[in-house]
Structures are given as structure tokens and as C-alpha cells.
């Protein structure tokens, strides 16, 4: 069994979890799309950005849907510091092509959608996990 550090996953506070949160983003938000993904953006009720991921059963069996969702979630996680705070985002996988597409293509689609939604920041946010000078440093290698 492989153990992954907690920092490899999107934090719970940064995810949409309840159906009403997804419905609000889909109903009230603006929509942007590419051939691979669709993005719904709505201003959040807090000053933190939260993301949700949706994959339709039309994409295929559960294994394929989960793989598509994991690939999109990871591409969003990598650029998360560049997303402006205060939004609820729902990424919808539109095509089974996400499963076999080069990861760079998924990253380009995510970045393009965020830029079109005008919530892409040119510089990433400062790392909030850095401790103040009086506290011991955070270990960089957690196994």
C-alpha cells in the first residue's frame, strides 16, 4: 500500500461537497467550455475558492469516470494557488477524451477556462503554510 502525503490532495475546505452547492454553481453561475471540459463559476459566499468535479455516466463505467475526475482534479490542484479567491467552481467532464488526453492538454484546458472566466492570477498566492520566523520550519519530507 502506498501512502501519500496529505499535501498531494485537494483540501476538504477547497471542495464543494453538498448537492445544493453544485446546484447553486450550475444554476446561478457563468458557464465556459472547451471540447474537454465545462466550467461553471459563481461568486462564493466566503473568501475561499472551492471546486467541485462532475463526470456523467455517459463517459463510461465507474473506473473510467473516476480516472477522468482524478486527472481533472489533479490539474486544478496544480494551478489552485493561481485561482482568485472567493469563487465556487464546478468542472464538468464533457468528453471521454479526458481519459486518454495528454495531461498537458487537460492543464491547458483548465488554464484556458480559468483565464476566460477572469479568475486566473498572473502570480500565485503566497504560500499560507509557511510559519512565522519564531516557529520551527515545516518538514518538507513527510512520509
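Scanning region 47-65 for residues that are outside any strand (DSSP E or B) and either over 18 Å from the mean Cα position of the chain (by Cα) or surrounded by 12 or more Cβ atoms within 10 Å (Cβ to Cβ) (or both) yields a total of 12. Looking at 98, 90, can you tell me which residue is in contact with a helix residue (DSSP H, G or I) (Cβ under 7 Å, 6 or more places away or on another chain) and outside any helix (DSSP H, G or I)? Of 98, 90, the one residue that is in contact with a helix residue (DSSP H, G or I) (Cβ under 7 Å, 6 or more places away or on another chain) and outside any helix (DSSP H, G or I) is 90.
Based on this model, can you work out whether residue 20 counts as out of contact with any strand residue (DSSP E or B) (no Cβ under 6 Å at 6 or more places or on another chain), surrounded by 14 or more Cβ atoms within 10 Å (Cβ to Cβ), without any contact (Cβ under 8 Å) to a residue 12 or more places away in the chain and in a helix (DSSP H, G or I)? Steps first, answer last, please.
Details: out of contact with any strand residue (DSSP E or B) (no Cβ under 6 Å at 6 or more places or on another chain): yes; surrounded by 14 or more Cβ atoms within 10 Å (Cβ to Cβ): no; without any contact (Cβ under 8 Å) to a residue 12 or more places away in the chain: yes; in a helix (DSSP H, G or I): yes.
Criteria not met by residue 20.
Given the condition at pLDDT below 95 and either under 20 Å from residue 18 (Cβ atoms) or not in a loop (DSSP other than H, G, I, E, B) (or both), answer yes or no: does some residue in region 118-135 qualify? For region 118-135, residues at pLDDT below 95 and either under 20 Å from residue 18 (Cβ atoms) or not in a loop (DSSP other than H, G, I, E, B) (or both): present. When only residues in region 80-93 that are surrounded by fewer than 18 Cβ atoms within 10 Å (Cβ to Cβ) and in contact (Cβ under 8 Å) with a residue 40 or more places away in the chain count, which is farthest from residue 120 (Cα to Cα)? Here the residue is 86. Taking the criterion of being touching a residue at least 40 places away in the same chain (Cβ under 8 Å), touching a helix residue (DSSP H, G or I) at 6+ places or on another chain (Cβ under 7 Å) and within 22 Å of residue 20 (Cα to Cα), the residues of region 32-69 that qualify are 32, 37, 39, 40, 42, 49, 51, 53.
Being modelled with pLDDT of 90 or more, out of contact with any strand residue (DSSP E or B) (no Cβ under 8 Å at 6 or more places or on another chain) and farther than 15 Å from residue 115 by Cβ is true of residue 77.
The values are calculated or read from the model by the stated rules, or taken from the named source; none is laboratory data. On a predicted model such as this, the values are computed, not experimentally measured, just so you know. Neighbour counts run over all protein chains shown; Cβ positions are idealised from the backbone, glycine included.
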